[in-house]
Amino acid sequence: MFLWGTATAAYQIEGAVHEDGRGVSVWDTFAHEPGRTRDGHTGDVACDHYRRWREDVALMSGVGLNAYRFSIAWPRVQPAGSGAVNEKGLDFYDRLVDALLAAGIQPVPTLFHWDLPQALQDRGGWMSRGTAERFAEYAEIAARRLADRVPLWITLNEPFVHMAFGYAMGVHAPGLALMTDALPAAHHQLLGHGLAVRALRAAGARQVALTNNCTPVRAASADEADVKAAEAYDALHNRLFNDPVLLGEYPDLSAYTASLGFVQDGDLETIAAPLDALGINYYHPTRIAAPTAEGLPFTDAGVTGHPTTAFGWPVVPDGLRELLTGLEARYGAALPPIVVTENGCSQDDVLTGRGTIEDGGRIAFLRDHIEAMRRAMAEGVDVRGYFVWSLLDNFEWAEGYHQRFGLVHVDFATQRRTPKASYAWLKEFLAGQNTDT
Ligand code: FCB
């Protein structure tokens with residue numbers, strides 16, 4: 001069965017941050033620090049999904065989706081990130097899984113979508129090797145409760161973005177600006193992934209995947225300096241997170257670091273544990289030029305000549321085909337089946353006087369990206385699913401509630417949900433699909 005779904009993440013939709021024994025996450029801490037998020041927005045309430053989840057499952061079943069990718073909040077399951085388990089936190093996901101299955105929707109949980117328990121951050125977060133071990137313990141706890149009903153598990157969401165934004169540049173939680181000294185946060189996330197794969201399988205998980213954010217990288221010109229810079233960027237954004245997992249080795253990172261001293265014997269074997277799928281999140285390609293200043297070995301030259309989303313991201317549907325066929329060309333037999341675990345766009349959606357949201361731009365975005373994915377499939381890439389980011393407008397990290405990505409509009413003052421025109425379009429599109437494609 002081809003998976004057609006939507007994706008969300010716990011901190012972006014759940015709210016209820018003090019409910020039922022949930023512990024504090026790095027995003028609670030970060031969002032409450034002055035100046036960290038636009039207009040000081042926090043996920044304290046978000047979409048109030050923790051209380052309104054039944055309504056949200058009904059919205060998914062109304063559109064005819066057969067899968068749902070959500071994330072489990074580690075601080076709900078283990079409030080201190082280790083040791084004591086909070087059964088009430090697990091109960092929430094248990095009920096959600098049952099309701100999804102009853103609605104004919106396959107649950108696809110992600111174990112870590114950036115909301116690390118603050119207690120673990122206080123011990124170094126992903127800069128510390130111990131966090132990888134704690135992550136595997138938590139993965140096992142979640143799987144022991146849910147794996148009897150959950151076939152496909154995703155360990156981490158976008159370790160690149162978490163490292164780059166959270167540990168290198170400080171624009172996401174935990175707000176560290178370590179620049180290239182952040183590389184251990186990549187390795188320890190990957191190690192955590194590998195240890196979790198083992199723990200999940202031991203606890204009965206049938207299929208395990210990792211979700212990476214990938215971007216096709218283009219050099220700004222054919223000049224050698226631009227080409228070299230593009231290779232360096234590709235190594236950091238794409239290969240750093242795909243090569244160890246699929247090939248059991250790190251790419252050439254000499255542009256960033258003189259030593260990978262934090263890698264211990266056996267780590268790469270652990271990280272390269274076989275996977276059942278690779279999750280790919282695609283938003284846009286990247287254009288890279290030679291560095292203009294000291295520091296990083298590249299400059300982001302910006303993709304021009306395409307329309308942009310409300311976020312300013314270029315809309316390049318064929319970039320998805322390019323990305324998927326590029327992965328196939330690079331990894332060949334080492335590439336497991338792919339699931340597009342996120343794709344979507346933000347728009348300045350407004351309610352019309354008639355109470356509708358006419359998001360034609362989003363309809364075109366989704367239609368064109370699904371077509372691009374199908375072109376890649378026709379060229380031989382094994383793709384098993386496509387998930388729209390996102391079901392609901394939600395807390396878009398540092399942008400707060402300013403970027404609306406949902407198929408369903410949320411009025412954050414009243415929590416009223418209004419399906420957009422894209423929701424109706426997707427419903428009609430799915431009704432016309434053979435579920436095997
Ligand atoms: C991805 C994140 C997701 C959401 C989208 C817009 O990088 O995984 O949580 O913020 O971007």
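A dipole drawn for segment 218-274 from +1 and -1 charges on Cβ atoms has a positive end, and of VAL245, SER221, SER259 the residue lying farthest that way is SER221.
Only helical runs count toward this figure. For the chain, summing -39,500 (n - 2.57) over DSSP H runs of n ≥ 4 and dividing by all residues gives -11000 deg cm²/dmol at 222 nm. Largest first, the three principal axis extents of the alpha carbons in segment 106-168 are 37, 21, 16 Å in whole numbers. The trypsin sites (Lys or Arg not before Pro) of segment 335-437 that meet both conditions, a loop assignment by DSSP and at most 14 other Cβ atoms within 10 Å of the site Cβ, are ARG354.
Note on LYS228: accessible area is roughly 140 Å² with a 1.4 Å probe, heavy atoms of protein only.
Can you give the percent of C-alpha pairs in segment 22-103 whose distance is more than 16 Å? Roughly 61 percent, rounded to a whole number.
Projecting label points 7 angstrom from Cα along Cα→Cβ for VAL227 and VAL45 puts them 5.6 nm apart.
Once both labels are positioned 7 Å from their Cα atoms along Cα-to-Cβ, the gap between ASP122 and VAL350 label points is 4.7 nm.
Value of Rg to Rh for segment 346-423, rounded to two decimals, is 1.06; Kirkwood radius and Rg both from alpha-carbon coordinates. Highest mean first, the peptides 232-245, 292-305 sorted by other C-beta atoms within 10 Å per residue fall in the order 232-245, 292-305.
Remark: segment 33-159 is approximated by an ellipsoid whose semi-axes, taken from the C-alpha gyration tensor as √(5λ), come to 26, 20, 13 Å, largest first. Think of the chain as having a plus end and a minus end, set by charges on the Cβ of Lys, Arg, Asp and Glu; of THR418, ALA9, GLN118, THR418 sits farthest toward the positive end of this dipole. Just checking the listed ones, HIS402, HIS162, HIS306: in the Gaussian network model of the chain with Cα springs under 10 Å, the one fluctuating most is HIS306. Taking amide hydrogens as modeled 1.01 Å from N in the peptide plane, which residues meet the under 5 Å criterion relative to LEU3, leaving out close sequence neighbours? Amide H neighbours of LEU3: GLY385, TYR386. Across segment 228-304, the volume of the C-alpha convex hull divided among the residues equals 99 Å³ per residue. The portion of the accessible surface of the chain made up by carbon and sulfur, rounded to a whole percent, is 51 (1.4 Å probe; DNA, RNA and ligands excluded).
By DSSP, the beta bridges lying fully in the chain are antiparallel in about 20 percent of cases.
Working value for segment 182-317: equivalent-ellipsoid semi-axes of 30, 20, 11 Å, each the square root of 5 times a Cα gyration tensor eigenvalue, largest first. Solvent-accessible surface of segment 164-205, averaged per residue with a 1.4 angstrom probe and all protein chains in place: 30 square angstrom. Enumerate the aspartates and glutamates that LYS420 could reach by cross-link, defined here as Cα to Cα under 17 Å, with residues fewer than 8 away along the same chain left out. By straight Cα distance, LYS420 reaches GLU55, ASP56, ASP348, ASP349, GLU358, ASP359, ASP393, ASP411, GLU428.
Note that the chain, at 37 °C in a medium of 0.692 mPa s, gets a Stokes-Einstein diffusion coefficient of 151 µm²/s from its Kirkwood radius over C-alpha pairs. Which percent of Cα-Cα pairs in segment 280-437 sits in each 10 Å bin, short to long? Binned Cα distances yield the sequence 10, 33, 33, 19, 5, 0. Full extension of the chain segment joining PHE2 with ARG95 gains 31.0 nm, where the gain is 0.36 nm per residue of separation less the Cα-Cα distance.
Largest mean-square fluctuation among ASN157, ASN212, ASN86, in a Gaussian network model of the chain whose springs join Cα atoms under 10 Å apart, belongs to ASN86.
Using a 1.4 Å probe, what is the accessible area per residue for segment 1-114, in Å²? Don't jump to the answer; show the numbers that get you there.
Details: 3630 Å² over 114 residues.
Each residue of segment 1-114 exposes 32 Å² on average to a 1.4 Å probe.
Return the FRET efficiency for the residue pair GLU358, ALA310: r is the Cβ-Cβ distance, R0 is 22 Å, and the value is rounded to the nearest 0.05.
Rounded to the nearest 0.05, the efficiency is 0.90.
To the nearest 20 Debye, how big is the dipole of the chain about its Cα centre, given +1 on the beta carbon of each Lys and Arg and -1 on that of each Asp and Glu?
Numbers: 36 positive and 54 negative charges, 208 e Å.
Taking the Cα centre of the chain as origin, the dipole is about 1000 debye.
Rounded to two decimals, the Cα radius of gyration of segment 106-247 over 2.2 N^0.38 Å is 1.13.
The values are calculated or read from the model by the stated rules, or taken from the named source; none is laboratory data. All of these numbers come straight from a predicted model, not from anything done at the bench. A quick note on method: Cβ atoms are made from the backbone with ideal geometry, for glycine too, and the neighbour counts reach across all protein chains shown. Protein only, heavy atoms only, side chains kept; ligands, DNA and RNA dropped before computing areas. Shrake-Rupley method; radii C 1.70, N 1.55, O 1.52, S 1.80 Å.
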